[in-house]
Amino acid sequence: MMEEVKDGAVLSVHGNRIKVTEVVRDGDNLTFIIISQKLSGTGEYHVARSYDDFDWLQQHLFCQEEVPGIQGIIFPPLPAKAQVNASAKVVKQLGILALGDWKPYGAALERFLQQVASHSVLSKNKAVEDFLTSSEPPGRQKTKKNIFNRLSQAVEGMRKEGHKDVEDFFQTERDLNHTLTSGTKLVAEKFLDVVQTEQKISVALGHFSAALQMCVESGDDPDKQAFSRVCKNLSEVFNSMGKHMGSVAENNMNTLGLGLDLEARYQEAEKEMLFRRTCKLVELETAKRNAEKAKPVKKPLMEEVKKTTEAEFSQISAMAKQEIKHFKQARVQMLQQALVLWCEKQLVTARKNTEQLNVHLETVRGLA
């Protein structure tokens, strides 16, 4: 029986040593096996979670309205729900995460958990400890509609999004985020096109290799034997090329592809945070106007509302500045790691392919 963990307590696991080790498919359902290393160093927690469990965790993090400045947090982005038989629409929504054998998707969920567990505020929520350590799945009860739901669904959202900020720091950040959000999303989409094209080429080379194998004939006719040898060797060459292209696509998917996907989703997360702060700014300006225009009988009440809103806005702004500073440092590191790993993987794959092609080249020369 796990000891009760209260909000504000430190996690009992290493935040950066959480792994999604396996994705188990049961019909149309996916289960993710998560292993977390204990801080005590005496063992590990093994839990099985569905996507609904991840959604449950995120909603609990969103609902912490009692935490000062909570709306100023850039929440680690949770990928959209994966579907086993993904349609073109789902593939477009998930991007690089919809390819492969669910390994990229599991890696994205793993990064989500690591970011939550490493966050100085979010990691203190009891729901995080329960999610990572309890053998029982989280509750399925619906969480209450929180401030983030209400703001994101506001009809006047577009008007608030374009509202001029009172601080140059945040106005500059909003303008930069607007540019980076669209730019990063476009780059991620184009890179997805590259990976899908590489996968198609890999499959086509495999089919051509198989077609050449069908031309191999047995018999004593010297001409047929010579032709069969050429077809067999060419088949091996194209088969090798197909495997190489498949490896290149897999490397692209699991390194830079994941890095670009995470960058794009984090830019959206920052955009949502900045929008929440802008909404609070509009609310504060409205409260100030109401206090100025209030009749004497309502003046004290309106002044109190203004004071409360001012305090909330200050807390959100202070939290947001800390988050933005950390985010800028973290995003550079994340992209740098993705690029370095991408280069290393491609170099290793290129060397292996060169060695294999040299062997095939010598074989083909021997046919002359």
Answer from N149, N177 - the residue that is at pLDDT 85 or above, closer than 25 Å to F313 by Cβ and in a helix (DSSP H, G or I): N177
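Here's the yes/no breakdown for (1) out of contact with any Phe, Trp or Tyr (no Cβ under 9 Å at 6 or more places or on another chain); (2) in a strand (DSSP E or B); (3) modelled with pLDDT under 90; (4) not assigned by TED's automatic domain parsing to the domain that holds A269:
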| site | (1), (2), (3), (4) |
| --- | --- |
| G8 | yes, no, yes, yes |
| N16 | yes, yes, yes, yes |
| L30 | no, yes, yes, yes |
| G41 | yes, no, yes, yes |
| Y45 | yes, yes, no, yes |
| P68 | yes, no, no, yes |
| Q71 | no, no, no, yes |
| F75 | no, no, no, yes |
| K81 | no, no, yes, yes |
Only one of F275, F227 that is under 30 Å from K328 (Cα atoms) and aromatic (F, W, Y): F275
Residue list for the stretch 29-68, filter: in contact (Cβ under 8 Å) with a residue 60 or more places away in the chain, within 30 Å of A311 (Cβ to Cβ) and of a type in the set (S, T, N, Q): Q59, Q64
In the stretch 104-142, the residues that are within 22 Å of the chain's Cα centre (by Cα) and surrounded by fewer than 16 Cβ atoms within 10 Å (Cβ to Cβ): S120
Cβ pairs under 6 Å, 6+ apart, first in the stretch 300-317 and within 18 Å of M273 (Cα to Cα) and free of Cβ contacts under 8 Å to residues at least 60 places away in the same chain, second assigned to a helix (DSSP H, G or I) and not aromatic (F, W, Y): T309/E283; T309/L284; T309/A287; F313/K280; F313/L284
Subset tally (residues that are in contact (Cβ under 8 Å) with a residue 40 or more places away in the chain and charged (D, E, K, R)) for the stretch 175-224: 3
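Out of everything in the stretch 325-368 that is of a type in the set (D, E, K, R) and more than 25 Å from Q115 (Cα to Cα), what residue ends up being surrounded by the most Cβ atoms within 10 Å (Cβ to Cβ)?
Checking each candidate, the answer is K352.
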Test result for R265, part of a helix (DSSP H, G or I), of a type outside the set (S, T, N, Q) and more than 30 Å from L341 (Cα to Cα): no
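The values are calculated or read from the model by the stated rules, or taken from the named source; none is laboratory data. Small disclaimer: the values here were computed from a predicted structure and weren't measured. Neighbour counts are summed over all protein chains in view; Cβ atoms, including those assigned to glycine, are modelled from backbone coordinates with ideal geometry.
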